[in-house]
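We did not get these values from a lab; they are worked out from the coordinates using the rules stated. Not measured: the values here are computed from a predicted model. Using ideal geometry, Cβ is built from the backbone for each residue, glycine included, and neighbour counts are taken over all protein chains shown.
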Ligand SMILES: [Zn+2]
């Protein structure tokens, strides 16, 4: 039911075909974030109409509802999305809730409102951000929860470290992540669900030797795909170097490679030629909710709140074929934003989703035609 095939590979990147029980998709491609089992400000039908191939959901967010989702026939049926889907492991929450945001991280501050109570060899104890209850997440709990949710692709449980953490801590954390990933794999094989495949995660922070060790770990284990996680660096240059180094050490001929949480258009254009197959990021839908339209497939951004759009009767992007651009003007979107009408976010989200999908179509065609 699952296959992965490299169709064409050259200096511009590679085009691959991935088959799942919920249909197939071509890479390079983008996973839109439906953290709580919903794309913010867009329904699944509109996502499909704007040519979306894949979406993802967040295990930590769905954890309290996983029994409900299972009883309702799994995530695809529950949310009305009959296409490929991925859930992350919940490991990222150890990072974002334990250490705080990236900007806090840069300033060297720990998150004062940390929800992480304790990280042990067994797993992580969190305080629920919803009701304050204790929630325990371990490799076994993560894989069991992802089984109940039922996405096509599930991810091994790991810890993601921020960049200002020492090499010593990063090494200890990476080694623990490898033990957690081994336990994830054992649990996954025990459940033995033919409707799912497991991704391993490469850690090791900004330290090449550790990245190499982590690549060796995932290379020798039976993961369907590999996600590159953890901190890639303090700036774009370091991020590029670390990702490039990691990809050079990864066995990637027979499996898809995902770059976790990266999705700026300039990053996508840089990482596709290195061999990244799939990306995910909240930015296209988040920008839309802040009144920003991505245009020319990400090369420009328009802030529709600006007064210059009051009488602008052009569509957001004259070359865009999305519902918003066919039916509405910049003037109307500006007006909706000023009136605080929720429709503004819906229309901008549809447009930004289509722009990202068109960007990836263009990238794939460029690889196939060269
Ligand atoms: Zn559009």
May I ask for the percentage of alpha-carbon pairs in region 274-330 that lie more than 14 Å from each other? 62
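Jot down the per residue volume, in cubic angstrom and as a whole number, of the convex hull over the alpha-carbon atoms of region 206-270.
85
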By how many degrees, 0 to 90 and rounded to 10, does the Cα axis of helix 208-219 deviate from the longest principal axis of the chain? 80
Ranked by how many other beta carbons lie within 10 Å on average, peptides 317-325, 72-80 from highest: 317-325, 72-80
Nearest 10, in degrees from 0 to 90: the angle of helix 139-149 to the longest Cα principal axis of the chain is 40
Please report the antiparallel percentage of DSSP beta bridges with both residues in the chain, rounded to the nearest 5. 50
Size of region 235-281 as Cα extents on the principal axes (Å, biggest first): 28, 19, 16
Computed D for region 256-304, Stokes-Einstein, Kirkwood radius over alpha-carbon pairs, 10 °C, 1.306 mPa s, to the nearest µm² per second, is 138
Per residue, how much space in cubic angstrom lies within the convex hull of the C-alpha atoms of region 1-76? 122
Taking only Cα atoms and a 10 Å spring cutoff, compute GNM fluctuations for the chain and point out the largest among 255, 289, 127. 127
When the chain is treated as a GNM, springs tying every alpha-carbon pair under 10 Å, which of 256, 139, 194 comes out with the largest mean-square fluctuation? 194
Can you tell me how region 221-317 classifies by the Cα gyration tensor, rounded, prolate or oblate, using a/c under 1.5 as the rounded cut? prolate
What three numbers, in Å, describe the spread of the alpha carbons of region 255-361 along their principal axes, ordered from the longest? 48, 24, 20
Please report the spacing between the Cα centers of region 139-203 and region 22-38 in Å, no decimals. 19
From Cα pairs below 8 angstrom and at least 6 apart in sequence, can you work out the relative contact order of the chain, rounded to a whole percent? 17
Surface/4 estimate of mean projected area, convex hull on alpha-carbon atoms of the chain, nm²: 18.2
For region 163-285, the Debye formula with one identical point scatterer on each Cα and no solvent gives log10 I(q)/I(0) at q = 0.11, 0.13, 0.15 Å⁻¹ as -0.37, -0.51, -0.68
Helix 167-191 versus the longest principal axis of the chain: what angle, 0 to 90°, nearest 10, using Cα atoms? 90
